[in-house]
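Novice: Quick one: structure below, then a few questions.
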Amino acid sequence: MNFSRISIEEILKLEREKRVSPKEVWNFFARRREELEPGVNAFITKVKYLNEGNGIPVGVKDNIIIKGFPTTCGSKILENYIAPYSATAWKRLKEAGFSLSGKTNLDEFAMGSSTEYSAFGPTRNPWDIERVPGGSSGGSAAAVASGMVKFALGSDTGGSVRQPASFCGVVGFKPTYGRISRYGLVAFASSLDQIGIIANSVRDVGYVFSIISGDDPRDSTTSSLPVPSYGEIFKHIEKPFTFIYPEGEFLKGASKEVKEKFSSFVKLLISMGGKGKPVDLSFMTHAIEAYYIVANAEASSNLARYDGVRYGLKAEANKLKDMYFRTRTKGFGEEVKRRILLGTFVLSSGYYDDYYGKGISYREFLRDKMNEIFKEGEFLTLPTTPDVAFKIGERQNPISMYLEDRFTIFANLSGLPAISIPFSLSKKGLPIGFQILSKWYNEDRLLSFSEMLEKKIDFENKLIKEA
Ligand code: GLN
């Protein structure tokens with residue numbers, strides 16, 4: 001049986017009826033992992049079958065800690081670090097019976113959009129191994145897309161779950177900020193970081209969401225709002241439903257192909273009984289600047305703890321200051337150093353108001369604006385990425401890498417829930433995904449709506465027919 005093609009719910013039902021065993025389920029995915037992993041490099045650490053739980057294998061991004069396992073964050077500085085406790089999200093999955101397949105590759109400390117900045121080599125896109133899987137949760141997305149795991153956890157600070165999901169033709173979901181505990185997620189930019197879910201279907205995303213989200217006394221930023229159970233999430237979406245889409249200039253950074261496909265997406269929504277309204281989203285164009293100020297400022301402070309004393313790598317030196325210096329210059333990669341420098345700069349006393357202060361006030365402005373925008377319609381639709389997956393080594397200039405996130409980061413700045421679902425293939429045969437966002441904590445309707453679209457788009461069967 002092909003366990004990649006059926007839902008988590010169905011697999012569990014087969015197990016309950018004793019028609020398949022957890023070991024058979026595990027073996028199915030393990031065989032694929034053995035066959036495909038050498039070409040894809042989705043994992044930093046792989047796990048053997050532990051003969052416990054339901055055997056459904058999960059990939060966990062290697063910046064989410066699991067007791068007794070290495071957590072490298074894709075960095076040399078944490079190469080030999082073993083986690084002393086487990087992240088809440090993983091703990092809840094384990095209690096629900098899921099099995100760990102391994103820790104997945106990422107851009108160092110989740111900084112990047114291609115998984116090329118990992119100290120453990122780049123992950124490759126299973127659709128075309130010359131191309132990147134996106135990032136920073138590229139290992140998680142590639143592991144799901146190649147059928148090595150049933151689903152995976154990632155982290156999304158500026159788009160790192162949705163962008164790789166789009167590049168790899170799978171579903172990527174970042175809930176409202178505060179929905180999933182960050183306890184045990186290694187901090188990059190704490191006010192933006194959220195654990196997200198990558199799976200083959202919106203149903204499976206809903207399944208995992210209902211398990212891992214909700215209040216956690218160990219993370220004071222989690223919301224105490226009740227989380228719908230799996231059975232309660234998926235509802236009928238009545239017609240006409242209302243949605244908004246960007247008009248004019250906003251999409252100018254996207255490729256011609258993405259723009260064309262996006263207008264077919266809007267037409268599809270209208271044909272399905274949607275009342276669509278074009279809105280001016282030009283106020284969002286500064287989100288990218290604000291993000292790289294706020295995220296780097298927080299990162300420079302969060303990464304100060306890797307000093308050779310408390311965690312991981314320690315370089316030898318006679319003087320304390322030299323030890324700090326050597327540890328950090330040896331342990332961190334180039335991109336991480338760049339961000340620490342930028343972040344320290346925007347927080348420095350002479351420039352604080354000019355940069356950090358402005359970034360923060362833009363964020364306030366964005367939240368207010370989004371409140372207004374959602375008066376025009378319940379769902380906001382956007383491309384996920386400006387173009388399809390690019391080639392490994394193609395984005396040498398950091399700014400061109402940063403611009404990859406132009407459609408994803410404002411969901412993080414405003415804390416909104418957002419999902420990317422696969423829509424179509426490009427002429428080169430590469431996946432293109434689109435995003436849907438809705439108001440804070442409206443995840444059940446967002447997932448229901450996405451599932452309705454997913455059925456209509458029928459991405460997977462379209463591929464099978466075309467193959
Ligand atoms: N690509 C973005 C960055 O480099 C987002 C990363 C993320 O979401 N973790 O910061």
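The values are calculated or read from the model by the stated rules, or taken from the named source; none is laboratory data. These numbers were taken from a predicted model, which means no experiment stands behind them. Cβ coordinates were reconstructed from backbone atoms using ideal geometry, including for glycine residues, and neighbour counts include every protein chain displayed.
Novice: Give region 300-355 a look and list any residue that's surrounded by fewer than 19 Cβ atoms within 10 Å (Cβ to Cβ) and touching an Asp or Glu at 6+ places or on another chain (Cβ under 6 Å), or say none.
Specialist: Listed by number, the list holds a single entry, Tyr324.
Novice: Residue under question is Phe209, and the condition is that it be buried (at least 21 other Cβ atoms within 10 Å of the Cβ), in a helix (DSSP H, G or I) and not hydroxyl-bearing (Ser, Thr, Tyr); does it hold? Spell out the reasoning first.
Specialist: Details: buried (at least 21 other Cβ atoms within 10 Å of the Cβ): yes; in a helix (DSSP H, G or I): yes; not hydroxyl-bearing (Ser, Thr, Tyr): yes.
Yes.
Novice: Another one. Please count how many residues of region 433-442 are under 16 Å from the mean Cα position of the chain (by Cα) and either surrounded by fewer than 24 Cβ atoms within 10 Å (Cβ to Cβ) or more than 15 Å from the ligand (Cβ to nearest atom) (or both).
Specialist: Taking region 433-442 and keeping what is under 16 Å from the mean Cα position of the chain (by Cα), we get 433-437.
Now narrow it down to the ones that are either surrounded by fewer than 24 Cβ atoms within 10 Å (Cβ to Cβ) or more than 15 Å from the ligand (Cβ to nearest atom) (or both): 433-434, 436-437.
The number of residues fulfilling the criteria is 4.
Novice: Here is a list: Glu394, Glu335. Which entry is within 16 Å of the ligand (Cβ to nearest atom), under 28 Å from Val132 (Cα atoms) and out of contact with any helix residue (DSSP H, G or I) (no Cβ under 7 Å at 6 or more places or on another chain)? Spell out the reasoning first.
Specialist: Working: Glu335 fails: out of contact with any helix residue (DSSP H, G or I) (no Cβ under 7 Å at 6 or more places or on another chain).
The unique qualifying residue is Glu394.
Novice: Confirm whether Leu320 is aliphatic (A, V, I, L, M) and more than 24 Å from the chain's Cα centre (by Cα).
Specialist: Values: aliphatic (A, V, I, L, M): yes; more than 24 Å from the chain's Cα centre (by Cα): yes.
Against the criterion (aliphatic (A, V, I, L, M) and more than 24 Å from the chain's Cα centre (by Cα)), Leu320 qualifies.
Novice: A follow-up question, please. How many residues are more than 24 Å from Leu185 (Cα to Cα) and among the polar types (S, T, N, Q) when one looks only at region 269-324?
Specialist: 4
Novice: Can I ask one more? Yes or no: Val144 assigned to a helix (DSSP H, G or I), aliphatic (A, V, I, L, M), touching a residue at least 24 places away in the same chain (Cβ under 8 Å) and crowded, with 24+ Cβ neighbours inside 10 Å? Before the answer, list the steps.
Specialist: Numbers: assigned to a helix (DSSP H, G or I): yes; aliphatic (A, V, I, L, M): yes; touching a residue at least 24 places away in the same chain (Cβ under 8 Å): yes; crowded, with 24+ Cβ neighbours inside 10 Å: yes.
So Val144 fits the description; yes.
Novice: Okay, moving on. Are any of the residues in region 115-138 more than 18 Å from Ile197 (Cα to Cα), within 11 Å of the ligand (Cβ to nearest atom) and at pLDDT 95 or above?
Specialist: Yes, region 115-138 contains at least one residue that is more than 18 Å from Ile197 (Cα to Cα), within 11 Å of the ligand (Cβ to nearest atom) and at pLDDT 95 or above.
Novice: Go through region 288-322 residue by residue and tally those that are hydrophobic (A, V, I, L, M, F, W, C) and away from the ligand (no atom under 16 Å from the Cβ). Lay out the reasoning, then the answer.
Specialist: Taking region 288-322 and keeping what is hydrophobic (A, V, I, L, M, F, W, C), we get 288, 290, 293-295, 297, 299, 303-304, 309, 313, 315, 317, 320.
Add one more test, that the residue is away from the ligand (no atom under 16 Å from the Cβ), and what stays is 304, 309, 313, 315, 317, 320.
Final tally of qualifying residues: 6.
Novice: Next question, about the same structure. Counting only residues that are more than 14 Å from the chain's Cα centre (by Cα) and under 18 Å from Ser255 (Cβ atoms), which one in region 405-423 is farthest from the ligand (Cβ to nearest atom)?
Specialist: Only one residue fits best here, namely Phe423.
Novice: If you don't mind, another one. Could you go through region 80-100 and let me know if any residue there is away from the ligand (no atom under 16 Å from the Cβ), of a type outside the set (Gly, Ala, Ser), modelled with pLDDT under 95 and not in a strand (DSSP E or B). Outline the logic, then answer.
Specialist: As a first pass, look at region 80-100 and keep what is away from the ligand (no atom under 16 Å from the Cβ): 80-86, 88, 90-100.
Right, trim to of a type outside the set (Gly, Ala, Ser) and you get 80-82, 84-85, 88, 90-95, 98, 100.
Subset that is modelled with pLDDT under 95: 80.
Those still in the list that are not in a strand (DSSP E or B) too: 80.
Yes: region 80-100 contains one or more residues that are away from the ligand (no atom under 16 Å from the Cβ), of a type outside the set (Gly, Ala, Ser), modelled with pLDDT under 95 and not in a strand (DSSP E or B).
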